[in-house]
Amino acid sequence: MLSRIRVAFNALDLAVYRRVRSLAHTPQLVRWVRRYSRLGEHGAVWLATGAVGAALDRERRRRWLRATAVVGAAYAISTSIKIAIGRRRPVVEDLPHLMATPTGLSFPSSHSTSSFAAAQAFGRLVPRVPLLGAAVAMAFSRLYLGVHYPSDVAAGAALGTVIGSLGR
């Protein structure tokens, strides 16, 4: 029974992956999505956002620093889980990756984890809706570029949401 569920889940994961990968991929759009996705490497855009917030918002500096530390912790936890699980990135012959990645590991998506952690942690300091939009876009970019399965992104989003709520 458990084996059947796993097989069905993997088939669904691959079907959604193929569907997203079949979306329009013009050279210009791929270039822009790659650029956006690179901002999320190692949580850099979110750590920089927190550092700028702490530097500019003296009244709430401690809150910015705490939120930024939580984002950094989310990235570190995600990376540790990724190493422990060791799931390889998707390899689908007719759908090659559209960008290089620092590692061949996939689960969970650290881009998704850090982005959703930032949306939660920074959501009391700046408007949350744009942060959530940026997190969704970052997560989707990983699917679009073919470097994660949907389950990698969903797990990262869930993990980041939980960890990020600790920084609020």
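The values are calculated or read from the model by the stated rules, or taken from the named source; none is laboratory data. Since the structure is predicted, the reported quantities are computational estimates derived from the model, not experimental observations. All Cβ positions, glycine included, derive from the backbone under ideal geometry; neighbour counts span all protein chains shown. For the accessible areas, the whole protein counts, side chains as well, though only heavy atoms, and no ligand, DNA or RNA atoms are used. Shrake-Rupley method; radii C 1.70, N 1.55, O 1.52, S 1.80 Å.
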Structure-derived P(r) over Cα pairs in 10 Å bins from 0, in percent: which label, when the choices are (i) 10, 40, 39, 12, 0; (ii) 11, 38, 32, 15, 3, 0; (iii) 10, 32, 28, 17, 11, 2: (ii)
Sites residue 23 and residue 128, calculated FRET efficiency, Cβ-Cβ separation with R0 25 Å, nearest 0.05: 0.40
Farthest toward positive dipole pole in the chain [+1 Lys/Arg, -1 Asp/Glu at C-beta], among 77, 126, 10: 126
Most fluctuating residue given options 27, 90, 130, as computed from a GNM of the chain linking Cα atoms under 10 Å: 27
Sulfur and carbon atoms: percent of accessible area, the chain [1.4 Å]: 67 percent
Charge dipole (the chain, unit charges on Cβ, about Cα centre) - positive-most of 161, 24, 102: 161
Charged-residue dipole, Cβ positions (Lys, Arg, Asp, Glu), the stretch 1-43 about Cα centre, Debye nearest 20: 100 debye
Global form of the stretch 34-76, assessed from the alpha-carbon gyration tensor, a/c cut-off 1.5: oblate
Between helix 2-21 and the chain: long-axis angle, C-alpha atoms, 0 to 90°, nearest 10: 80 degrees
Highest-fluctuation residue, 125, 47, 29 considered, GNM on the chain with Cα pairs under 10 Å: 29
About the Cα centre, charge dipole magnitude for the stretch 1-101 (Lys/Arg +1, Asp/Glu -1 at Cβ), debye: 200 debye
Extension gain, residue 1 back to residue 93 (0.36 nm per residue minus Cα-Cα distance, nm): 30.1 nm
Separation in nanometres of the label points that stand 7 Å from Cα toward Cβ, at residue 137 and residue 31: 1.8 nm
Spread of Cα-to-Cα distances over 10 Å intervals beginning at zero, given as percent, for the stretch 55-118: 20, 36, 25, 14, 5, 0
The chain: most fluctuating residue of 141, 80, 37 per GNM, C-alpha cutoff 10 Å: 80
